[in-house]
Each structure stands twice: as C-alpha cells, then as structure tokens.
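Undergrad: Have a look at the structure that comes next, please.
The values are calculated or read from the model by the stated rules, or taken from the named source; none is laboratory data. Since this is a predicted model, take the numbers as computed values, not measurements. So basically every Cβ, Gly included, is an ideal-geometry build from the backbone, and we count neighbours across all protein chains shown. Note: areas computed on protein heavy atoms with side chains; ligands, DNA, RNA excluded. Shrake-Rupley method; radii C 1.70, N 1.55, O 1.52, S 1.80 Å.
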Amino acid sequence: MRVSNKLKLVLLRLLQAVPALFGIVLVSFLLTRALPGDPAVYFAGPMADEQSIAEIRQQMGLDRPLPLQFFSYIGDLLQGELGQSISTGQPVLTELASRLPASLELTLFALLLSLLVALPLGILAATRPNSWVDHLCRVVVTAGVSLPTFFTGLLLLYIFYFLLGWAPSPMGRLDFAYLPPETVTGSFVIDALLAGDPETARAAFAQLLLPAITLGLFTLAPIARMTRAALIQVLEGEFIRTARAAGLARRKVLYRYGLRNAILPVITTLGMVFSFALGANVLVEKVFAWPGIGSFAVEALVVSDYAAVQGFVLCMAVLFVLLNLLIDVIYTLVDPRVRMES
Amino acid sequence: MQPALLDIDDLTIEFATRRGTVTAVEQVRLRLNKGETLGIVGESGSGKSVTSYAIMRILDRAGSIHRGSIRFSGIDLVGANERAMRDLRGREISMIFQNPRAALNPIRTVGKQIEDVLREHAMATRANAREKAIAMLRAVRIANPEGRYHAYPFELSGGMCQRVVIAIALACRPQMLIADEPTTGLDVTTQKAVLDLIKDLTREQRMATLLITHDLGLAAQYCDRIVVMQKGRIVEAADTATLFSSPQHDYTRRLLKATPGPESKVADLLPEGDARRALASPPNPEAPVLLSVEGLSKTFGAPGSPTSHRAVDNLSFKLHQGESLGLVGESGCGKSTTSAMLMRLLDQSAGALWFDGQDIGAIPSKQFARHPLRAQLQMVFQDPTDSLNPRWKVRDAIADPIRRLGGTGDKAQLRRRVEELAENVGLPVELLDRYPHQLSGGQKARVGIARAIALNPKMLILDEPTAALDVSVQAVVLNLLVDLKERLGMSYLFISHDLNVVRLMCDRVMIMQAGRLVEEGSTERLLNAPEHEYTRTLLAAIPNPPVPASA
C-alpha cells in the first residue's frame, strides 16, 4: 500500500513535469530561431552563392513557416529523433550520449570533492562562530565565488602541470597512450576499474583531478555557506536546548539533532549547484579540453546549430526534472513532515 | 537541618551585548529541599529563566556566571566541567520548557528521543530501551503508548508533546526537575492535566521541583514556597500562604493586584489612585441589537468526504450596542473561524449575519474589504508583534486603515488624526516614528488598538488581546479597553480562553466546544452557577490565587 502510494507520487510528479518540458521545448525552439545567424549560410560554406544557400535552406526545411517547422520538430521528438548537428555532422543524440557522461563524471566528482571539504568546514564554522575556522570558511567562500573558474583552472595548470609536472597534460579525459574502457557507467575511472584495468583508471583519474578541483572550488562556496547558516539556525532551536538539558553527548546533539535537521536546505542547495555546474562548466571544459556538453552547446550556439542547441536545452531540462524529483524523494526520506503533507 | 538539595548563593549573571555588559541576574539566593516545590515568579526580563539555565549551565554563549555559587547535593555546579555537567543533566537535574512542540526534534520519533536519554545515561541497553521508552510514555499517561512510540512531534497535540518532554525529563529519575513555564500556550484543561501529572510524578519519586512561571495563580496552586523576582533580583521569598496573605514587597503587592481573580474588578488591577483606572458602566438591556448571527456554520473539506470537518456548527447569538460579549473555548473549538467569518475574511457555509441592520452575510468575503461597512468592524489581534508590519513605522501602521477606508487625502489632517489616536490609547506621540521592534509588548498592543479604532468602528473583535502580555501590562491594557469602550460607545466581541479576564471584561459570555455553543448567559450567572458540564470543567481548571486578606 505504502510503496504503491509512493510510486504513484513519483509518477504524478513526472506527469506534472510534462507541461514544463513542453514549455521549454517551445521556448528553446523560438529562441534559437530568434538568434542572429543563419545555419544555411554556415552549412553552405564561404564559397556559396545566393542560390545554393536558398537550396540548402529548402533542403533543411528552414523556408517553411515557423509553426510547421515546430510541428515537424515535435513529431521528430516524439519518435526520439533529435536531428542532425550541422557543425559535427553527427546525430545530436549520439553527440549528447557521448558527451553527457563526460560532463556528469566531471561534475559529480567535483561535487563530491566540494562536499568533502564544504560539509566539515561549514560544521566547524557553525559550531565555533567567530573562531579562526569560521574566518577561514568565510575566506574560502568568498574566494570560491569571486575567482573565475578559468582563472583557477589556469593557475592550477600553471603550478601542477607547467611548474611541478605532477599533472598530465590537459588533453581531455584520457591520455592518447590509453584506450578508453568499455562503457558501463560512462565514467572512465569507474569503467576502467570494473574492467580490471587499474592503470587506465589511474590515468583517467589523473586527468580528472585538476578540472574537478577547479570546478569544486567554485561549487564549494554555496554548499559551505548553506551548511554553516542552516546549522547555526538549527543549533539555536529549542529542541537542541532540550537535548542538551537531557545531558546528551555533544556529538549526538550536533549530528543526530542538529545536522540531520540542517541537512535539508543543504540538499536543496546541492541540487541547485549541480544543475548549475553541469551546464555552466563550459570554461572548465575549455581550459582542460574536456569533451563535455557545455562546450558542445556553446559551439553549436555560435553557428546557430538549431538541432544541437535544442537537444542540449531539452537534455538539461529533463536532467533538471529528474534531479528535482530525486531531491523531493530524499526530502521525504529525511523529513517525516513532508511525507504527511503529500 | 539537613543540607539543601540545591543551594544558590549570591548568583550574578552577566550578558555581553553590543552595548556593553548587562546584568541579568543579581545576587540571587535560594534553597530547594528534597521533595519540595519552589516557584519562581516574575514578569518577562525578571531573570527567572536565566537563573534556571545557569543551574543547568546551558546559558547562551554571551551569558556567564559572574559571581556566586550553585551547589547541587554538595557538588559545585559553577566550577564543574562540561563532562561532569553532562552526567548530571537529564540524570540528576532535568528541565522542561515552554512551547513543547518546538522543544522536540521534529524529525525523530518521540520514542527514539526518549531512548536517546535512557541510553546516554546507561539506564537502558539496546535490547530493553524500547520497552523502557514505552513504559515512560505510559507513565506520562499517553494513551496507546506502543503506537505513539513511532509518532513524530507534529502528529501530536501540544499537551501530548509536553507529556513527551516530561517523559524525556523524568526517564532517568532525576532528583530535581526544573519546569520553565511548562504550560504557557496550552489550554486551561490541558494545563491542569500537565501540572497535575508533574505533581504526581515528582511526589512519587520524591523529587524537588523548581516551577518557573509568570502566573501567580499557578504558583499558588502548585508550590510550597515562592520567590518573586523583578529585574534580576529576588524581591520577596516566602511560603505560599504567607506570600498571599501578607505580601511584604511593593512589587509583589502590585503583581497580586494585577492578577485577575474571581473577585476583582477591572479597575482593581491597577493601584489605587492610578489615573488609568477605568470604570465599566452596567449593561443597558434596552440597547438595540448591533450584530445578529443566525445558524452560522462552516465546513472545511468537501462535504461528505472523510476529511470534511465542521469547524463551526449552527452558531446563533446577538450582540447589543455598547455590549461586551465574551467568546470562550479551547484551541480548535472554532473561535477563530467564527471571528474570521464575522470579519468577512471567510465565507460561511450556512447561516446569516446581520450587522447594523444590513445583511453582511450576503456580501462575499472578497468584496467586503472595500465595502463601506468594513470600517465599522475592526479587529485587535492576539500577537501584538506579529500583527504589525515590521518595516512600517508605527505612524503608518495606525494611518493604514484611514488611508484605505477613511478617504482622508489631506496629509496634515491624517497626521493630526494619528496623533489624536495615539493620545487616546496612551501612546506617547514621540513613539510614532519608531518601528515595532523598538517598542515594548504593551506599547505594541496599544498600536494594535489605535489602528483598530482609527475609523471609529461600532464593533471590535478582540482575539485574546492580552494573552502575550505580562500581567502588569495586561492590567493597563484591559483598563484602556474598558475606558475606550465607554468613551467611544463600541461593542466588543472578546475572544479568550482566560475566564478570569472574561469575567472582568464581559457582560455576557458564550462557551464554545467543538464548534458548538454549549452555554450562554450573563457573566455573573454563568461563571457562578454554570449549568453545562464543560463550563464547570473549564472553571475548575483555572488556577486561582488565594484572595489576599487585606485587599
């Protein structure tokens, strides 16, 4: 009974996302058309004349009225067809499928890194306000949001690749000396380990480390700040006083009573940071030649590659919907009050 | 004489604030023996809670014990380290707080929270913790303890939550219990049940109790001895009978007078010779009817569905011009729903409302906000802080209804009117340019009243207007309300759960229970010779201070 209710809720939430997705499809379609630039001109090449451009425009169906173009686009979408990218000549779906795992691996690993630093930092800062840890937290947070990622990325490269030579050359996900492992999860590190190839895993990890640190420094700031703020607020709560008055050990008060309550806004922040980082780490991808979807989208945008841009936006929207759903599910697991409301 | 269980001497507590050091508690001296109940009575800011936090050593970071000693069964608590204190807390000294729902971890089942204490102090093992927690729930008389073990605080009523807090406090059978305003915000019948429970359990375990309260009546009923605190100092300490029969200190006497009792009149709450004392004229039985309510009902949820709930059920009454009518009931009885319908904030499900000869029940709530009659009907809210916009100056808060409904566009005229209103409610004119957080509770209450009378309404709905105020401030505000009613000829619908206040303020009283009117009549008759069982229960639950012999 309970399980089927929960499943029903999840399905309901997915259903609620349909109008939003439709809106996103419509807006991304219109926006790409509103952009300056003509894909037919690009596709025809620099030597083309008026006539050949017109021919290409007709071939691509761009001479038809907008509503018609939109309906055929929707029709394609419903069949799982995202169209061809004119800049790479590949189907958009294939492009996304090969590039999304790269972005996901980078973003998830960066988030993991920043969580490992941000949570303890936020907790320490919250339990010792105005101590040196608190000041350190403030400095790290300010630096994290104010230093642009391309700058930290270049700085790290300069130090660890150029000066020290510890890091491998920033040439994508894997050095040429290695063959990519067979795809299971999409993450080179994990896939290589699954394939029993620690050497490749180590190489992939070495490639991953610097861009992940660069991105992690940036995503660390909001997480640390939210952890600190939420925990400070919870620790002022009356039930913390009760727990202390009952003589509970400091650790128990802090973790079982404090942090578990403070973690909810942190999860929300984490979700926001994740979706933001996934789309916005273009600069990191550029600096480290990381073949992610961010750089793919920017390149497509520059040449008015309609299908690619639309495919990217749609992909991000779907990810966003799934992510929000996941956060809702985590919420209901952590907070019994949310369970009741639904 | 055996040494006292708790011995506090010369205790002085200071708080570091932005404006320098503030002494919150000064030279407090008190003793508490085994099995004894000591009351600490005082108004907000008297230092009574701070004293108790110091005993537990759970003061805020900013507060520190500046001087003095606290000894608990021979142990020096001021010098004890955190580890030693942790062993004492919950096992030897326990504490319960006001606002029980907030005092429990919202995302942990109540059973687990009881287990936490038991396990912490090695009073239970992993194997028997659950069984002991359920036994504790049973001990605090929670029905179906096995089922409630899995409940979260938000699934329980306020009274129930306080029982859980008591269970946590008493789980390890401490020698001393500190109860800090344990029943503030609870209904009178719940209050009685909770305090009786504390009394029984502490007596069974021969525990000493420190009861901290602002309510003299409550202290009188449950304490052996009482100390009265004012501005961080103990002004008087005596056994309960002596304190009430011959109070020595001036402040104690004022506090006793300001506490409404069964015999007092509203003017008696203030000292003799106080210019603010007001005299209520007897009700005029021939006055015309101002408000007439017939068969008023409100149902929430779709009718017939299992979640549908009838909040107000077939309510009929009349309010005469210049009359003050009390509406009394416990939380959830439909008082607030009724007032929302009278104010036309909420559409009724059935029934008619006639105000000043017009059928206002027929006006949809959405349109009433701009209706000319809206000016005639005003409301004063329970929480003087929450009912004021924190970003508006007092002047704007009072002027708001005039701007919206009074039609005065002239700035100078509006200014004069606001100042006149401030004078009417005894609010110094220089306070008009302050923000709400810069005012005291009593001053904020005056702002709320000034705003309500700004348009010369014929009727005021007063929703527990003094529930959040200290008794001495309540005394002044109640007198102000009586005085305004006389001068402006308004009618009052006075909503309250405090029967002693209703007795002072109202000509007639209605008692509501579960959405229904169970009894109605003149205040005199209803409170002295109640007919309905529920009215009798309510009356029996009010803690009354003994009448001072020389009043």
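Undergrad: What FRET efficiency comes out for A:Arg64 versus A:Ala143 if R0 is 56 angstrom and r is the Cβ-Cβ distance? Round to the nearest 0.05.
TA: About 0.60, to the nearest 0.05.
Undergrad: Just want the answer: with Cβ charges of +1 for Lys and Arg and -1 for Asp and Glu, which residue in B:Gln27, A:Val133, A:Pro148 is farthest toward the dipole's positive end in the protein assembly as shown?
TA: In the protein assembly as shown, that residue is B:Gln27.
Undergrad: Using a 7 Å offset from the Cα along the Cα-to-Cβ direction at both B:Arg31 and B:Ala143, what is the distance between the two label points in nm, to one decimal?
TA: 4.6 nm
Undergrad: Amide H neighbours of B:Arg67 under 5 Å, at least 5 residues apart or on other chains, H built in the peptide plane: list them.
TA: When sequence neighbours closer than 5 places are left aside, the close amide H contacts are B:Thr12.
Undergrad: Could you give the length gained by full extension between B:His532 and B:Gln248, i.e. 0.36 nm per residue of separation minus their alpha carbon distance, to one decimal place?
TA: So the chain would gain 98.2 nm between B:His532 and B:Gln248.
Undergrad: Would you mind getting me the FRET efficiency between B:Asp224 and B:Glu294? Use the beta-carbon distance for r and R0 = 51 Å, nearest 0.05.
TA: Calculated value: 0.45.
Undergrad: For a Förster distance of 56 Å, can you work out the FRET efficiency between the beta-carbons of B:Arg391 and A:Asp175, rounded to the nearest 0.05?
TA: 0.40
Undergrad: Need one value for B:112-120: mean number of C-beta atoms belonging to other chains within 10 Å of its residues' C-beta atoms.
TA: Across B:112-120, the average partner-chain Cβ count within 10 Å equals 4.
Undergrad: Per 0.36 nm of contour for each residue apart, how much would the distance between B:Ala241 and B:Ser69 grow if the chain were fully extended, relative to their Cα-Cα spacing?
TA: Separation in residues times 0.36 nm, less the Cα-Cα distance, equals 59.0 nm.
Undergrad: Just check region B:415-551 against the gyration tensor rule for me: Cα atoms, a ≥ b ≥ c as the square roots of the eigenvalues, rounded for a/c under 1.5, and otherwise prolate or oblate depending on whether a/b exceeds b/c.
TA: prolate
Undergrad: Got a sec? What order do A:Tyr178, A:Tyr255 fall in by accessible area at 1.4 Å, biggest, i.e. largest, first?
TA: From most exposed to least exposed: A:Tyr255, A:Tyr178.
Undergrad: Moving to a separate point now. Where does helix B:129-139 land angle-wise versus the long Cα axis of chain B, in degrees 0 to 90, nearest 10?
TA: Its long axis makes an angle of about 50 degrees.
Undergrad: Okay, moving on. Calculate one ³J(HN,Hα) per residue across region B:234-242 by plugging θ = phi - 60° into the Karplus curve 6.51 cos²θ - 1.76 cosθ + 1.60, and present them in order as whole Hz with x for glycine and proline.
TA: Calculated HN-Hα couplings, in order: 7, 9, 7, 9, 7, 6, 4, 4, 5 Hz.
Undergrad: Keeping all protein chains in position, work out how much accessible area B:Ser308 exposes to a 1.4 Å probe, and write it in Å² to the nearest 10.
TA: Roughly 40 Å² of B:Ser308 is accessible to a 1.4 Å probe.
Undergrad: Angle between the Cα long axis of helix A:198-235 and the longest principal axis of chain A, 0 to 90 degrees, nearest 10?
TA: Helix A:198-235 sits roughly 50 degrees off the main axis of chain A.
Undergrad: Which pairs break 29 Å Cα to Cα here: B:Lys199/B:Lys444; B:Lys112/B:Lys298; B:Lys48/B:Lys199; B:Lys231/B:Lys458; B:Lys444/B:Lys485?
TA: B:Lys199/B:Lys444; B:Lys112/B:Lys298; B:Lys231/B:Lys458
Undergrad: Helix A:260-280 versus the longest principal axis of chain A: what is the Cα-based angle in degrees, 0 to 90, to the nearest 10?
TA: Approximately 20 degrees, to the nearest 10.
Undergrad: Name the residues whose placed amide hydrogens come within less than 5 Å of the amide hydrogen of B:Asn99, ignoring near sequence neighbours (fewer than 5 apart) on the same chain.
TA: Excluding prolines and chain starts, which carry no amide H, the hits are B:Thr184.
Undergrad: Shifting gears a bit: How much length, in nm to one decimal, is gained on full extension between A:Leu194 and A:Glu182, taken as 0.36 nm per residue of separation minus their Cα-Cα distance?
TA: Going from the current span to full extension adds 3.4 nm.
Undergrad: Would you mind giving the mean number of other chain beta-carbons within 10 Å of the Cβ of each residue in B:95-105, as a whole number?
TA: Rounded to a whole number, the mean comes out at 4.
Undergrad: After finding the eigenvalues of the alpha carbon gyration tensor for region A:226-342, what semi-axes result from the square roots of 5 times each, listed largest first in whole Å?
TA: 42, 17, 9
Undergrad: Now for a separate question. Counting only GluC sites (Glu not before Pro) that are in a DSSP loop and have at most 15 other C-beta atoms within 10 Å, tell me the longest site-free stretch of chain B.
TA: With a cap of 15 other Cβ atoms within 10 Å, the longest stretch comes to B:1-262.
Undergrad: With all protein chains present, calculate the accessible area of B:His249 using a 1.4 Å probe and round the result to the nearest 10 Å².
TA: 70 Å²
Undergrad: Averaged across the residues of B:165-174, what count of C-beta atoms belonging to other chains lies within 10 Å of each residue's C-beta?
TA: Average per residue, whole number: 2.
Undergrad: Over 19 Å, how big is the tail of the calculated P(r) for region A:99-292, in percent of all Cα pairs?
TA: 63 percent
Undergrad: Let me ask another. Which value, in Å² and to the nearest 10, is the accessible area of A:Arg33 when all protein chains are kept and the probe is 1.4 Å?
TA: Only protein atoms counted, so the area is about 50 Å².
Undergrad: Moving on to the next point. Under the rule of at least 5 residues apart or a separate chain, name every residue whose amide H is placed under 5 Å from the amide H of B:Ile40.
TA: Here B:Leu211, B:Ile212, B:Thr213, B:Val227 satisfy the definition.
Undergrad: Per residue of region B:391-404, in order, report the coupling 6.51 cos²θ - 1.76 cosθ + 1.60 (Karplus, θ = phi - 60°) as ³J(HN,Hα) in whole Hz, putting x for Gly and Pro.
TA: Here the 3J(HN,Hα) series is 9, 9, 5, 3, 4, 5, 4, 6, 6, 3, x, 5, 4, 7 Hz.
Undergrad: Further question on the same structure: With viscosity set to 0.890 mPa s at 25 °C, what whole-number translational diffusion coefficient in µm²/s follows for the protein assembly as shown from Stokes-Einstein and a Kirkwood radius over Cα pairs?
TA: In µm²/s, the coefficient is 74.
Undergrad: If you build a Gaussian network model of chain A, linking Cα atoms that sit under 10 Å apart, which residue out of A:Leu21, A:Leu314, A:Leu215 swings the most?
TA: A:Leu21
Undergrad: Just the C-alpha atoms of region B:6-259: what Rg/Rh do they give, with Rh taken as the Kirkwood radius?
TA: With Rg and the Kirkwood Rh in hand, the quotient comes to 0.97.
Undergrad: Which order do you get for B:Met207, B:Met160 if you rank them by accessible area with a 1.4 Å probe, largest at the top?
TA: Greatest to least solvent exposure: B:Met160, B:Met207.
Undergrad: Put +1 on the Cβ of every Lys and Arg and -1 on every Asp and Glu Cβ in the protein assembly as shown; which of A:Gly258, A:Thr214, B:Thr125 then has its Cα farthest towards the positive end of the dipole?
TA: So the residue furthest toward the plus end is B:Thr125.
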